[in-house]
Amino acid sequence: MFETTIAGSLPKPAWLAEPEKLWAAWRHEGAELDRAKKDAALVWLKEQEKAGIDIVSDGEQFRIHFVHGFLEKIEGIDWARKTKMGIRDNRYVVDVPTVTAPVRRRGSVHRDEAAFTRAYTDRRLKFTLPGPMTICDTIADAHYGRRADMAMAFAGVLNEEARELEAAGIDVIQFDEPAFNVFMNDVKEWGIAALHRAIEGLRCTTAVHICYGYGIEANIRWKEALGAEWRQYEEIFPALNASRIGQVSLECANSHVPMALLGLLKDKDVLLGAIDVASLAIETPEQVADVIRQATAYVDPGRILPCTNCGLAPLPRDVAIGKLQALGAGAALVRKAIG
Ligand code: ZN
């Protein structure tokens, strides 16, 4: 009971990329870069195991960013044709690449990374992919015409990739959909249908991570504008609960999401965010245990997997290690008391 896992990303060590930065450039090239990424993944596997994390990940050490790391290897995208786009409903304006032709995989995107990581741990292994809606909110469309159509095309591509990752020994495939609490109507109209297309035929555990974003400036300002109670999830949880996705990952540590909303996910495993990613303060195991105990009022304890609120990528490495250890120790406290 209370098996632990992480949302996905972990900081890049200073020898791999500039620390405490999203989109930090690599510090090596070619074979040397390949070696450096693998070394970084090994460090994080060991740190997760030592912290008592049950379902581990490569910490996204092989990619600069969770969306573009995937898109880089997809055909149909013109990277030179930049379009200015307000993403996450205009929370940030960025120059994004443009889809100009049908999207297709040139070959496997992450299989070698998954196989490498698999070879170095006996624990269950999770791999994260961007969700179709979030991809479509991070790239401009000059080909499909409707966002729902482009999402379905990407979902097909993601499904091919997910099947390969499963074959490489991945136990949990998680789709990251931070766009889910921004476009609530789209979630119900086509977002979940696109996820279903992405998981078609998979036998491994499937998860979706929905969240209010990394602890970066633009997100902190956006969160302040959402008011005292964040009820966005109330609109989408019933649809998610009725979906075929196995697990839902969301933030519950220092969150304004009312804990009672978890009651709307009664048929899902809940990856319960018990680690704040927007604060440098390292939680005590008791604080983590407290979030878990609160959740047990709404979710069957057998369905709770203590997790981080979101990725830990932008944090200093030592802070991230401290938070992993707090997560493992906090879950152990509750396990001892309840389990
Ligand atoms: Zn997140």
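Bear in mind that the values in this text are calculations on the coordinates, not laboratory data. Quick caveat: nothing in here was measured; it's all calculated off a predicted structure. Methodologically, a virtual Cβ is constructed for each residue, glycine included, from the backbone with ideal geometry; neighbour enumeration extends over all protein chains shown.
Observations, loosely collected:
- Charge dipole (debye, nearest 20) of the chain; +1 at Cβ of Lys and Arg, -1 at Cβ of Asp and Glu: 260
- Estimated [θ] at 222 nm from DSSP helical runs (n ≥ 4, -39500 (n - 2.57)) normalised by residues in the chain, nearest 500: -11000 deg cm²/dmol
- Backbone amide hydrogens, once placed in the peptide plane, bring Ser57 within less than 5 Å of Lys126, excluding anything fewer than 5 places away on its chain.
- Whole-Hz ³J(HN,Hα) from phi, Karplus 6.51 cos²θ - 1.76 cosθ + 1.60, for segment 152-163, glycine and proline x: 5, 5, 5, 4, x, 5, 5, 5, 4, 5, 4, 4
- Binned Cα-Cα distance frequencies in segment 213-273 - 10 Å width, integer %: 21, 51, 26, 3
- Where N is the number of residues in segment 210-315, Cα Rg divided by 2.2 N^0.38 Å: 1.03
- Efficiency of FRET from Cβ geometry, Ala337 and Asp95, R₀ 51 Å, rounded to 0.05: 0.50
- Legend: calculated FRET efficiency, Met259 to Arg106, from the Cβ-Cβ distance at R0 = 56 Å, rounded to 0.05, equals 0.80.
- Amide H contacts under 5 Å for Phe2, placed H, 5+ residues apart: Ile304
- Each residue of segment 1-158 gets 142 Å³ once the volume of the Cα convex hull is shared out per residue.
- A cut-off of 5 Å between modelled amide H atoms, ignoring neighbours fewer than 5 places along the same chain, links Asp141 with Val99.
- Extents of segment 292-339, largest first, come to 33, 19, 14 Å (Cα atoms, principal axes, whole angstrom).
- Three-way shape label, segment 126-181, alpha-carbon gyration tensor, a/c 1.5: oblate
- Restricting segment 33-105 to GluC sites (Glu not before Pro) that sit in a DSSP loop and have at most 16 other Cβ atoms within 10 Å of their own Cβ leaves Glu72.
- Highest average packing first - 136-144, 78-86, 34-42, Cβ atoms within 10 Å: 136-144, 34-42, 78-86
- One decimal place: the segment Glu160-Arg146 gains 2.8 nm when fully extended, by the rule 0.36 nm per residue minus the C-alpha distance.
- Applying Stokes-Einstein at 37 °C and 0.692 mPa s to the Kirkwood radius of segment 150-243, computed over alpha-carbon pairs, gives a translational diffusion coefficient of 226 µm² s⁻¹.
- Multiplying each eigenvalue of the alpha-carbon gyration tensor of segment 39-96 by 5 and taking the square root yields semi-axes of 33, 15, 8 Å, largest first, rounded to whole angstroms.
- Subset of Lys73/Lys323; Lys84/Lys126; Lys188/Lys223; Lys12/Lys50; Lys188/Lys336 violating a 28 Å alpha-carbon distance limit: Lys73/Lys323; Lys84/Lys126; Lys188/Lys336
- Relative to its residue count, the chain spans a Cα convex hull of 121 Å³ per residue.
- Sorting the segments 180-188, 4-12 by their residues' average number of neighbouring beta-carbon atoms within 10 angstrom, most packed first, yields 4-12, 180-188.
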